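Data first, discussion second: the structure below is written as C-alpha cells.
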Amino acid sequence: MRTICHGTKGAGNGVAGASLKPKPANFTLKEIQAQSDGAIFWKITEGRTPMAAYKMLSDTQRWQLVSYIRTLKK
C-alpha cells in the first residue's frame, strides 16, 4: 500500500490521503484487523474509489501486502 495515502505506519494519515474522500483506511484499527485475509486481499485487488485496484501486482505480492497489514495491528 502506498505510504503517501496510508501513511508510514498504515494509520491512514499519509500526505496525499488528507485530501481524499473517503479517507484511506487506518490499518491499525480493530475493524480492519478483524476482516478476513480474503476480504483484505479482495479489497487490494479490486480497489474502491479513490483507491486504485492493484490487479497489476501478482497474487503473491497482494498476499504479501495482506501479511504486511497484519503487522500493523496495535
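Before moving on, here are some points about what is shown:
- Complete set of residues in the stretch 20-39 that are part of a loop (DSSP other than H, G, I, E, B) and of a type in the set (A, V, I, L, M): 20, 25, 29, 34
- Flag if residue 43 is open to solvent by 40 Å² or more (accessible area, probe 1.4 Å) and either over 13 Å from the mean Cα position of the chain (by Cα) or modelled with pLDDT under 95 (or both): no
The values are calculated or read from the model by the stated rules, or taken from the named source; none is laboratory data. Only a predicted model underlies this, so the values are computations on that prediction, with no experimental measurement involved. When the accessible area is computed, the model is the full protein with side chains, heavy atoms only, and any ligands, DNA or RNA have been set aside. Shrake-Rupley method; radii C 1.70, N 1.55, O 1.52, S 1.80 Å.
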